[in-house]
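Taking it in order: structure first as structure tokens, then the write-up.
Derivation of every value follows stated rules applied to the coordinates shown; laboratory data play no part. These figures come from a predicted structure and were not determined experimentally. Cβ placement follows ideal geometry from the backbone for every residue including glycine, while neighbour counts extend to all protein chains displayed.
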Amino acid sequence: MRILDRLPPVVGASLSCIFGGSAAVATRYVIGESDATTIAFLRHAGCGLILAAIAWATLGRRFRIARADLLPVVGLALLQFALYGWLFIAALSYAPAARVSLIMTTMPIATLALSAWLGRERMTVPKLVAGLIALAGVAVTLGDRSVAVAPEVWKGDVLIGISVLVGAVYATLSGRYLRRNPSIAVASISILIGAAALLPVMLVQAGIGGMTGISLGGWVAVAWLMGPAGVLPFYLWIWALEHASPGRVVIAIALNPISAAVFGALVVGEAVSASLLVGMVCVVAGISLAQWPAPAPRHAVSDRAP
């Protein structure tokens, strides 16, 4: 029964990362018509407004965050939905997407280490092995595409490494506030805070010029980024962190580059290789192993979400 109880958050996190992979394909389609910061702002603003409307319709007067939690929620929102996104975009300007995706897959191990250090979750061998298996699966899938020889690629490595730490901090610390407040309210407000932080950056870098050159097909891609590839990944990720421990949720991030490769094959006709299939098996095995029940020693930190 415990395994069945863990299933919904794992499925939610996995779906979040699968739809997140489709966002990479949609971004690749429209990015040539605009710039990364503008696309990120449009995605966050549209997604935040959609979620806020759903939250208001379903929660009514309960659409709020407790005053005592407001400051930490704002701080975590700036980390996850502004700084994290900016670091990711900046890393892509120095390193290839495959290399960035591979480094991002170290987030489950970083999250598990941070959670264990803070006493939020127990470090167990199955969880550690699960993270390594998922990382290996992504490495196999990306192959030599993650190898870069550009002289400044180290800057991309540093930036995406910092983003991994930022994501681990959010995954570890956000759970208590998500459980004390309606998760859909926290999601919508957090994403809109991220959009507000990205707005001045966009205006300085490109003004509104980043929007005027987008074609009709590009706006369809943007609409996908706001809706199915925005609302679903952002909300499901936050919902999963509300209902499960960080280590069990963040392992699913390995699905992101895998799903990006699959959507790339379906949408833009990219080749499906044997390495992709092997990588998928490894990632699914890693996610499954991360759900392995931990023993309950006499004086152990609870493995359940705090």
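Within the stretch 111-125, list the residues whose amide N lies under 11 Å from a label point set 7 Å along Cα→Cβ of Leu132. Backbone N within reach: 125. A Förster radius of 35 Å combined with the Cβ-Cβ distance from Val125 to Arg64 puts the calculated FRET efficiency at roughly 0.25.
Taking a virtual spin label 7 Å from the Cα of Val11 along the C-beta vector, which residues in the stretch 118-141 bring their backbone nitrogen under 19 Å of it? No residue passes the distance filter.
When the alpha carbon coordinates of the stretch 9-85 are projected onto the principal axes, the ranges are 42, 27, 23 Å, largest first.
Taken along the Cα-to-beta-carbon direction at a fixed 7 Å, the label points for Ile54 and Glu152 span 3.9 nm.
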